[in-house]
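Throughout, read-outs are computed from the coordinates displayed, never taken from laboratory work. Nothing here was measured: the structure is a model prediction, and the numbers come from that model. Positions of Cβ are backbone-derived with ideal geometry, glycine not excepted, and every protein chain shown enters the neighbour counts.
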Amino acid sequence: MKTFFIVWLGRFVSLMGSRLTGFALSIWVYQNSESVTLFSLTALSTTLPAVLISPVTGLLVDRWDRRWIMIISQIAASLRTLAIFFLLINQHLTVWQICLLNVVASTFTSLQLPAFLATSSLLVPKQHLARVTGMTQLGVSANQIIAPMIAGALLVTIQMQGVLLVDFATFIVGICTLLAVKFPRVAATKTEKLKQGSFWREMVYGWQYIKARPGLLGLLLFFTFRNFLLGLVSVLAVPLVLSITSSDVLGIMLAISGVGMLISSLIVAKRGIPKHHYINTMFGFNALGTIAMITVGLRSSIPLVMLSGFLLFFCVPFINIPNQIIFQRKIPAHIQGRVFALRRAFAMMAMPLGYVVSGPLADRIFEPLMLPNGFLAGSIGTLIGVGPGRGIGLMFIVTGCLTLLVTLAAYQYPRLRRLEIELPDAISDDK
């Protein structure tokens, strides 16, 4: 546990720095470009490399030294931060340079989480794995709360340059903690069995396994459509809030949303979710979350957006955790890797597609429609208001309604609704 805690602490500090820079860069890009399309491209440049490399990350982590994977990932991310710093102080920084640097850094950092998770089971005894998972989730939730508030204050005091230097210092902490510890070696006999090209055969088998089980296939497709719709609006949250308030208030609002996710994570961790209620819990909170998504766009009101953001993030653990548990219980342990790789590829592919579509939709269609002289100003505009940001608000309403319809339609599919009962568990309760 001592070694794990050292690694966890270093990773927590470096992730804090990354979130500080991510928040500051989002403000800089939107304020300097005033384009939702360019803003969404920066988000795409961070997620797309992870999508493309996600199917092979498991094999790479199994074949390579996991500690050095994490060290190299940290170095790549720190060099990206340093490059942005020098471009900024020399007044040469552009959105396209940020996107290019994001692509390079994200390609390396997408290996870090799988390496960290795979190493956790080697660092701690089996009876402490639940504690380790809890600490990992706690770190993510804490960063979600703390980083936006700190970043908002730092942008006012030390500005963008200072935030980048703070981020670089956190990477140094993360690298030093990794250099100070040793990881157990993975038995060579396990990696030697991975032959060239075996990954593609495993992916085909993973698809065949899910396809033969209509309930699992329905669950996979439901989350794919849901993630696409979520991608349409998630990248628009920052432009929407900045259209009605300042960057420091944006940081507070994001932190409040993080508090919602932290509270629900603690509830799930303490009380759990009863068996045979995973599907109902997941669909129920997904419906509640979509209602919160709709209310985000109803008014240019800071309190309303804060409350909606809190409720939306509160629902996230109640949606994602049951989904994860169902796949863990229904998939045999010896094929979970290949099935989960396919599942992750589907999930991660959908959101970037939403990012690509959302920017042009907001800039060229929805925002012009909701200007004072826009086509919908005299109709919908009388209900939700007109002006900058109201087109994005309308996108939240429309996307939320579509998500709610997809949720209701998916729940009508009997094989998905009765998945927990009809498909036997592959992992027994005492495992």
Q: Net charge near Ala255: determine it from the other residues with C-beta under 14 Å of the C-beta of Ala255, scoring Lys and Arg +1 and Asp and Glu -1.
A: 0
(Q) Between Ile75 and Lys182, how high is the FRET efficiency from 1/(1 + (r/R0)^6) when r is the Cβ-Cβ distance and R₀ = 22 Å? Nearest 0.05. (A) 0.75
Q. From the square roots a ≥ b ≥ c of the eigenvalues of the alpha-carbon gyration tensor of the stretch 195-431, which class results: rounded (a/c under 1.5), prolate (a/b over b/c), or oblate?
A. prolate
Q: Please identify, among Ile72, Ile256, Ile392, the residue showing maximal mean-square fluctuation in a Gaussian network model of the chain using a 10 angstrom Cα cutoff.
A: Ile72
Q: Multiply the residue separation of Leu266 and Val56 by 0.36 nm, subtract the distance between their alpha-carbon atoms, and state the gained length in nm to one decimal.
A: 72.4 nm
Q) Which length gain, in nm to one decimal place, applies between Trp207 and Ser379 when the Cα-Cα distance is subtracted from 0.36 nm times their residue separation? A) 57.2 nm
Q: Could you work out the Rg to Rh ratio of the stretch 246-362, with Rh taken as the Kirkwood radius (inverse of the mean 1/r over all Cα pairs)?
A: 1.03
**Q.** the chain, relative contact order in percent, only Cα pairs under 8 angstrom and at least six apart counted
**A.** 24 percent
Q: For every helix of n ≥ 4 consecutive DSSP H residues, a contribution of -39,500 (n - 2.57) applies; sum these over the chain, divide by its total residues, and give [θ] at 222 nm rounded to the nearest 500 deg cm²/dmol.
A: -26500 deg cm²/dmol
Q) Summing Lys, Arg as +1 and Asp, Glu as -1, what charge do residues with Cβ under 15 Å from the Cβ of Ser73 carry, Ser73 excluded? A) +2
(Q) Give me the Å³ per residue figure for the convex hull around the C-alpha atoms of the chain. (A) 142 Å³
Q: Once you've got the GNM for the chain with C-alpha springs shorter than 10 Å, pick whichever of Glu420, Glu34, Glu367 has the biggest mean-square fluctuation.
A: Glu34
